[in-house]
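K.L.:
Questions regarding the structure given below will be posed in turn.
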Amino acid sequence: MTSSLLIHDLENAPANWAAKAELWAARPLVKFCRGCFGCWDRTPGLCQINDRARLTPNFLAQAERLIIVSQLTIWGLSPWVKAVLERSLANLLPFMTKKNGQWFHEPRQPHPLSLLALFYGPVQPKVWALAQSMIKAIGFNLSTNPTESRLFSSAEELEASYCP
């Protein structure tokens, strides 16, 4: 298992991050999930879209820790990171289970996974609250334990303050 998978939308990730985590650059933008569910029935665990994000579920299945680095946008996650996470749908089974009164998909390869989300950008309280809710939902769907979010005022502050 890889210790950490770091999905980021930075132009260039700091060089010292690569020594501590498997880096997955979300730029340039990958294709968004089509919702064809081929990753569930035609080729279980493998996305039907043949681009560089096709193997994202495999990287996720091997990680013990998922670190998301995203610009804080009006929708929470940046479109680059959102596209990568959507394409990891193949890591989940199509069957639904009820947990804590909510329905979710079980992971294809159950294993302990923690989630840390690092956002950067101007502090906007309502947008930050939305982003935190989104990360909790992503963590719930990926069966992560625990889930944590942090906000930095800029990409430069994040790069200077954080090392995986």
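The values are calculated or read from the model by the stated rules, or taken from the named source; none is laboratory data. Everything numeric in this text was worked out from a predicted model, so none of it was measured. Positions of Cβ are generated from backbone atoms using ideal geometry, with glycine treated the same way; all protein chains shown enter the neighbour counts.
K.L.:
Here are some residues: Trp75, Trp17. Which one is touching a residue at least 24 places away in the same chain (Cβ under 8 Å) and more than 22 Å from Pro122 (Cα to Cα)? Spell out the reasoning first.
P.N.:
Numbers: Trp75 fails: more than 22 Å from Pro122 (Cα to Cα).
Testing whether each residue is touching a residue at least 24 places away in the same chain (Cβ under 8 Å) and more than 22 Å from Pro122 (Cα to Cα) leaves just Trp17.
K.L.:
Take the range 66-79 and flag every residue that is closer than 17 Å to Leu10 by Cβ and surrounded by fewer than 21 Cβ atoms within 10 Å (Cβ to Cβ).
P.N.:
Within the range 66-79, Gln71, Thr73, Pro79 qualify.
K.L.:
For the subset of the range 1-27 comprising residues that are in a loop (DSSP other than H, G, I, E, B) and among the acidic types (Asp, Glu), which member is surrounded by the fewest Cβ atoms within 10 Å (Cβ to Cβ)?
P.N.:
We begin by selecting, within the range 1-27, every residue in a loop (DSSP other than H, G, I, E, B); these are 1, 9-14, 18-21, 26-27.
Right, trim to among the acidic types (Asp, Glu) and you get 9, 11.
Numbers: Asp9: 24, Glu11: 8.
Residue satisfying both the conditions and the ranking: Glu11.
K.L.:
Please go through the range 31-58 and pick out each residue that is in contact with a Leu (Cβ under 7 Å, 6 or more places away or on another chain) and over 17 Å from Ile7 (Cα atoms).
P.N.:
Cys39
K.L.:
Could I ask something else about it? Considering each of Leu55, Leu89, Leu115 in turn, give the residue that is within 12 Å of the chain's Cα centre (by Cα), modelled with pLDDT under 90 and aliphatic (A, V, I, L, M).
P.N.:
Details: Leu55 fails: within 12 Å of the chain's Cα centre (by Cα); Leu115 fails: modelled with pLDDT under 90.
Sole residue among the options that is within 12 Å of the chain's Cα centre (by Cα), modelled with pLDDT under 90 and aliphatic (A, V, I, L, M): Leu89.
K.L.:
Further, regarding this structure: Going through the range 49-65 one residue at a time, which ones are exposed (fewer than 15 other Cβ atoms within 10 Å of the Cβ) and farther than 25 Å from Leu116 by Cα?
P.N.:
Once the filter is applied, which keeps residues that are exposed (fewer than 15 other Cβ atoms within 10 Å of the Cβ) and farther than 25 Å from Leu116 by Cα, the range 49-65 yields Asn50, Asp51.
K.L.:
In this structure, does Pro110 turn out to be exposed (fewer than 11 other Cβ atoms within 10 Å of the Cβ), out of contact with any Asp or Glu (no Cβ under 6 Å at 6 or more places or on another chain) and touching a residue at least 24 places away in the same chain (Cβ under 8 Å)? Explain how you work it out, then say what you get.
P.N.:
Numbers: exposed (fewer than 11 other Cβ atoms within 10 Å of the Cβ): yes; out of contact with any Asp or Glu (no Cβ under 6 Å at 6 or more places or on another chain): yes; touching a residue at least 24 places away in the same chain (Cβ under 8 Å): yes.
Considered against the rule, which asks whether it is exposed (fewer than 11 other Cβ atoms within 10 Å of the Cβ), out of contact with any Asp or Glu (no Cβ under 6 Å at 6 or more places or on another chain) and touching a residue at least 24 places away in the same chain (Cβ under 8 Å), Pro110 comes out as yes.
K.L.:
Consider Ala83 carefully, then state whether it is surrounded by 15 or more Cβ atoms within 10 Å (Cβ to Cβ) and either farther than 21 Å from Val30 by Cβ or within 14 Å of the chain's Cα centre (by Cα) (or both). First the steps, then the outcome.
P.N.:
Working: surrounded by 15 or more Cβ atoms within 10 Å (Cβ to Cβ): yes; either farther than 21 Å from Val30 by Cβ or within 14 Å of the chain's Cα centre (by Cα) (or both): yes.
Against the criterion (surrounded by 15 or more Cβ atoms within 10 Å (Cβ to Cβ) and either farther than 21 Å from Val30 by Cβ or within 14 Å of the chain's Cα centre (by Cα) (or both)), Ala83 qualifies.
K.L.:
Oh, and also: Can you confirm whether Val30 is crowded, with 17+ Cβ neighbours inside 10 Å, part of a loop (DSSP other than H, G, I, E, B) and either among the aliphatic types (A, V, I, L, M) or free of Cβ contacts under 8 Å to residues at least 24 places away in the same chain (or both)?
P.N.:
On the way: crowded, with 17+ Cβ neighbours inside 10 Å: yes; part of a loop (DSSP other than H, G, I, E, B): yes; either among the aliphatic types (A, V, I, L, M) or free of Cβ contacts under 8 Å to residues at least 24 places away in the same chain (or both): yes.
Against the criterion (crowded, with 17+ Cβ neighbours inside 10 Å, part of a loop (DSSP other than H, G, I, E, B) and either among the aliphatic types (A, V, I, L, M) or free of Cβ contacts under 8 Å to residues at least 24 places away in the same chain (or both)), Val30 qualifies.
K.L.:
Next up: Between residues in the range 33-60 that are on the phi > 0 side of the Ramachandran plot and residues that are assigned to a loop (DSSP other than H, G, I, E, B), which pairs lie under 6 Å by C-beta distance while being six or more apart or on different chains?
P.N.:
Gly45/Arg108
K.L.:
Out of all the residues in the range 122-134, is one or more within 16 Å of Ile74 (Cα to Cα) and hydroxyl-bearing (Ser, Thr, Tyr)? Quick ask: steps written out before the conclusion?
P.N.:
Keep residues of the range 122-134 that are within 16 Å of Ile74 (Cα to Cα), which gives 122-134.
Checking which are hydroxyl-bearing (Ser, Thr, Tyr) leaves us with 133.
Taking every residue of the range 122-134 in turn, at least one turns out to be within 16 Å of Ile74 (Cα to Cα) and hydroxyl-bearing (Ser, Thr, Tyr).
K.L.:
Would you tally the residues in the range 114-160 being hydroxyl-bearing (Ser, Thr, Tyr), surrounded by fewer than 16 Cβ atoms within 10 Å (Cβ to Cβ) and closer than 24 Å to Ala18 by Cβ? Quick ask: steps written out before the conclusion?
P.N.:
Restricting attention to the range 114-160, the residues satisfying the condition of being hydroxyl-bearing (Ser, Thr, Tyr) are 114, 120, 133, 143-144, 147, 149, 153-154.
Subset that is surrounded by fewer than 16 Cβ atoms within 10 Å (Cβ to Cβ): 133, 153-154.
Those still in the list that are closer than 24 Å to Ala18 by Cβ too: 154.
Going through the range 114-160 one residue at a time, the tally reaches 1.
K.L.:
Restricting the range 120-164 to residues that are of a type in the set (Val, Ile, Thr) and more than 13 Å from the chain's Cα centre (by Cα), which is modelled with the highest pLDDT?
P.N.:
Within the range 120-164, the subset of a type in the set (Val, Ile, Thr) is 123, 127, 135, 138, 144, 147.
Filter once more, keeping what is more than 13 Å from the chain's Cα centre (by Cα): 123, 127.
On the way: Val123: 86, Val127: 93.
Per the criteria, the residue is Val127.
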